[in-house]
Amino acid sequence: MFVPIYQVRGKDAGFSDHLRPAVQGKDPHKEFLLQAEPSGLLYIYQTKGTRKVLRLPNTTLWGTFADRNAAIAAFDAALAATATKLGQTIKLEKRVITALTAPYFDSDKRKSAETKWTGPNDFATCRLHQLNDPFFA
């Protein structure tokens, strides 16, 4: 499992992360999260062994990829789709993509996984909650 993290810059520059328009334009963060999901990147994570689903920190995404290059390609595809959708160039200042071997996540935004949004594996369950659960909207 590889996790792209493109996180955190102070709000002093007007945006809450390292993803921003290259020139004055729309904040790309929300659109990037929408474009990341089809690339296999999610902001909802299911904790192992507890059946809890939680919202990751603001600009942290995760996905299951064959290797690091596949994770990078998914991230780049989401970034390109965001730029196309918004019709603007987006400057990515920093990012980290790393394999998770023994992750620990916690969040103030968590709940038990709902049966109606439980898929055949953790990724599918997280994706279904991200797309459908109003708790995480």
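The values are calculated or read from the model by the stated rules, or taken from the named source; none is laboratory data. Model, not experiment: these values are computed from the prediction. Glycine gets a Cβ as well: all are built from the backbone with ideal geometry, and neighbour counts include every protein chain shown. When the accessible area is computed, the model is the full protein with side chains, heavy atoms only, and any ligands, DNA or RNA have been set aside. Shrake-Rupley method; radii C 1.70, N 1.55, O 1.52, S 1.80 Å.
Observations on the model:
- Residue count for region 78-94, restricted to those that are open to solvent by 90 Å² or more (accessible area, probe 1.4 Å), among the charged types (D, E, K, R) and modelled with pLDDT under 90: 2.
- Identity of the residue in region 47-69, closer than 24 Å to Asp27 by Cα and in contact (Cβ under 8 Å) with a residue 60 or more places away in the chain, that ends up surrounded by the fewest Cβ atoms within 10 Å (Cβ to Cβ): Arg55
- Per the listing Phe105, Phe123, Phe136, the residue uniquely touching a Ser or Thr at 6+ places or on another chain (Cβ under 9 Å) and within 15 Å of Thr59 (Cα to Cα) is Phe105.
- Among the candidates Ile72, Ile44, residue that is surrounded by fewer than 21 Cβ atoms within 10 Å (Cβ to Cβ) and within 14 Å of the chain's Cα centre (by Cα): Ile72
- Any hit, region 65-75, residues being in contact with a Phe, Trp or Tyr (Cβ under 6 Å, 6 or more places away or on another chain), part of a loop (DSSP other than H, G, I, E, B) and either modelled with pLDDT under 85 or closer than 23 Å to Thr125 by Cβ (or both): yes
- Only one of Thr84, Thr101 that is assigned to a loop (DSSP other than H, G, I, E, B) and more than 23 Å from Ala137 (Cβ to Cβ): Thr101
- Scanning region 8-21 for any residue that is open to solvent by 10 Å² or more (accessible area, probe 1.4 Å), within 27 Å of Thr115 (Cβ to Cβ) and modelled with pLDDT under 90 turns up nothing.
- Taken together, Thr47, Thr59, Thr82 contain a single residue that is closer than 21 Å to Phe135 by Cβ, in contact with an Asp or Glu (Cβ under 6 Å, 6 or more places away or on another chain) and not charged (D, E, K, R), which is Thr59.
- Residue satisfying all of: in region 95-121; exposed (fewer than 12 other Cβ atoms within 10 Å of the Cβ) and among the hydrophobic types (A, V, I, L, M, F, W, C); nearest to Ala71 (Cα to Cα) among these: Val96
- Every residue from region 84-123 that is touching a helix residue (DSSP H, G or I) at 6+ places or on another chain (Cβ under 9 Å) and aliphatic (A, V, I, L, M): Leu86, Ile90, Leu92, Ile97, Ala99, Ala113
- In summary, Gln130 fulfils each of the numbered conditions (1) touching a helix residue (DSSP H, G or I) at 6+ places or on another chain (Cβ under 9 Å); (2) surrounded by fewer than 18 Cβ atoms within 10 Å (Cβ to Cβ) with the single exception of condition (2).
- The test for being among the polar types (S, T, N, Q), modelled with pLDDT of 55 or more and more than 18 Å from Asn121 (Cβ to Cβ) does not hold for Gln46.
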